[in-house]
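The values are calculated or read from the model by the stated rules, or taken from the named source; none is laboratory data. If you're wondering where the values come from, they're calculated on a predicted model, not measured in any experiment. Every residue, glycine as well, gets a Cβ built from its backbone with ideal geometry; the counts of neighbours run over all protein chains shown.
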Amino acid sequence: SRAEIHAWMRQRCDDGAAIVVVSSQIPELSALCDKIAVMRQGSLQPARPVAEWTHESLVAAALHQGRSGEEVA
């Protein structure tokens, strides 16, 4: 199950491993990760600590939206 996989991942991290998680599930990312980087159209943005992200800021970064919510180039 997903919970078992998450527990396994946390144990590996506690043992010093680094794990890359790819997910579109924001609550999952927030619960599992120390840092989150957003990739959009093949471009990876710098990773930032989870505490710096909100649900809205992650969605905006994924959609590459400005503050007004309109897509920017």
Could you check region 9-34 and list, in sequence order, the residues that are surrounded by 11 or more Cβ atoms within 10 Å (Cβ to Cβ) and either of a type in the set (A, V, I, L, M, F, W, C) or in contact with a Pro (Cβ under 6 Å, 6 or more places away or on another chain) (or both)? M9, C13, I19, V21, I26, L29, A31, L32, C33
Could you tell me how many of the residues in region 15-35 are β-branched (V, I, T) and not in a loop (DSSP other than H, G, I, E, B)? 1
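Residues checked against (1) among the β-branched types (V, I, T); (2) modelled with pLDDT under 95:
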residue: C13; (1), (2): no, yes
residue: I19; (1), (2): yes, yes
residue: P27; (1), (2): no, yes
residue: I36; (1), (2): yes, no
residue: R48; (1), (2): no, no
residue: A51; (1), (2): no, no
